[in-house]
Amino acid sequence: MNLADLNKVALAMVTPGKGILAADESSGTIKKRFDAIGVESTEETRRDYREMLFRSQEAMSKYISGVILYDETIWQNAKDGTPLVRLIEQSGAIPGIKVDEGTQALPNCPGELITAGLDKLAERLKRYYERGARFAKWRAVIDIGAGTGGRNIPTMTAIHVNAHALARYAALCQAAQIVPIVEPEVLMDGDHDIDRCFEVTERVLNKTFQELRVQRVALEGMILKPNMAIAGKKSAKPSTVEEVAEKTIRLLKACVPAAVPGIAFLSGGQSDEEATAHLNAMNRIGGLPWRLTFSYGRALQAAPQKAWSGRPENAAAGQRAFIHRARMNALASKGEWETGLEKKVA
Ligand code: 13P
């Protein structure tokens, strides 16, 4: 492992004023997104859509530091035969790859999940590196609520095995000279309040960093991708922007060592503007040991998907919508976003 080079890539992923585009939806997830805009999900439509994003030169060169790809996409070529990975590199962004293979039911823990994909990961990482990937992503999913049979979740078991798998993945990535994005996602699907989210996320992050230490992962060569401290979508007490910012910063300061170069949040089902406002408010607090930016999927892509709607003649409108959201989040990564800017759609 060359830690100096891993650290260089990690810092580039969180370059001030830039963030990560999570375009790594599995075939099942992208089908759901395409269903919502009335587009059939085929290898070709998935390629056309992602090619449209990667050819948004203004967004890619100014506001996007890296792109997380799905396995299918990393091997795909653009319409003119250029590998999509090359388009990303040519724009100045870094190609990355989702390497987890989704979730499975966790035995003995009804309603809870464990992320799969460690088998043969070392060989897969080698092939991804050769293709151009310089960072990877692995997502663990922790749900809050009542599991099957009315028992409270998450269990300690689910937190432990998911943290263990995240650290196994991270160690394998670094051995393959790939920067791991470590993503322990506490879902915001339930009716819990922000304090319950805080408490569960604190346990999850503490366990994750404990496992990372046990497995000798170099913190300088990784990026953390956490959820924010936020009330569940069905909560009777929705969180304010200030509350999310203040509690998320307090949580991260308590759990994330300063050696970690950067934190790139997931959007997790927040609206586009909420995700931007939260990131902005956190960066306004300032005085943080790590860089704070975005690694959004839905909050960057919902608008361009709608504008595109599968029609080639809408490609320019799709790109404009993507450039706008990327710019808004780039400003938020510096604490320079204001709600008034949303009206001036590019
Ligand atoms: P969302 O921003 O839509 O949560 O997606 C980010 C991601 O990569 C989830 O794994």
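The values are calculated or read from the model by the stated rules, or taken from the named source; none is laboratory data. These numbers come from a predicted model, not from an experiment. Using ideal geometry, Cβ is built from the backbone for each residue, glycine included, and neighbour counts are taken over all protein chains shown.
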Hey, among 68, 74, 64, which residue is within 16 Å of the ligand (Cβ to nearest atom), at pLDDT 95 or above, buried (at least 16 other Cβ atoms within 10 Å of the Cβ) and closer than 24 Å to residue 164 by Cβ?
-> 68
Among the listed residues 196, 151, which satisfies the condition of being crowded, with 17+ Cβ neighbours inside 10 Å, among the charged types (D, E, K, R) and without any contact (Cβ under 8 Å) to a residue 60 or more places away in the chain?
-> 196
Which of the residues belonging to segment 289-346 are among the small types (Gly, Ala, Ser) and outside any helix (DSSP H, G or I)?
-> 295, 297, 309, 310, 333, 335, 346
Some residue of segment 95-104 being over 17 Å from the mean Cα position of the chain (by Cα), within 25 Å of residue 225 (Cβ to Cβ) and either among the polar types (S, T, N, Q) or at pLDDT 95 or above (or both) = yes
Which of the residues belonging to segment 284-320 are within 16 Å of the ligand (Cβ to nearest atom) and either β-branched (Val, Ile, Thr) or out of contact with any strand residue (DSSP E or B) (no Cβ under 9 Å at 6 or more places or on another chain) (or both)?
-> 293, 299, 302, 303, 304, 305, 306
Among the residues of segment 221-243, is there at least one that is under 27 Å from residue 12 (Cα atoms) and surrounded by fewer than 23 Cβ atoms within 10 Å (Cβ to Cβ)?
-> no
Answer yes or no as to whether residue 22 is surrounded by 18 or more Cβ atoms within 10 Å (Cβ to Cβ), within 16 Å of the ligand (Cβ to nearest atom) and among the aliphatic types (A, V, I, L, M).
-> yes
Just checking, which of 266, 252 is within 14 Å of the ligand (Cβ to nearest atom), touching a strand residue (DSSP E or B) at 6+ places or on another chain (Cβ under 9 Å) and in contact (Cβ under 8 Å) with a residue 12 or more places away in the chain?
-> 266
Pairs, first closer than 16 Å to residue 253 by Cβ in segment 284-298, second polar (S, T, N, Q) and more than 16 Å from the ligand (Cβ to nearest atom), C-beta under 7 Å, six or more apart = 292/283
Restricting segment 77-94 to residues that are in a strand (DSSP E or B) and out of contact with any Lys or Arg (no Cβ under 7 Å at 6 or more places or on another chain), the residue that is surrounded by the fewest Cβ atoms within 10 Å (Cβ to Cβ) | 77
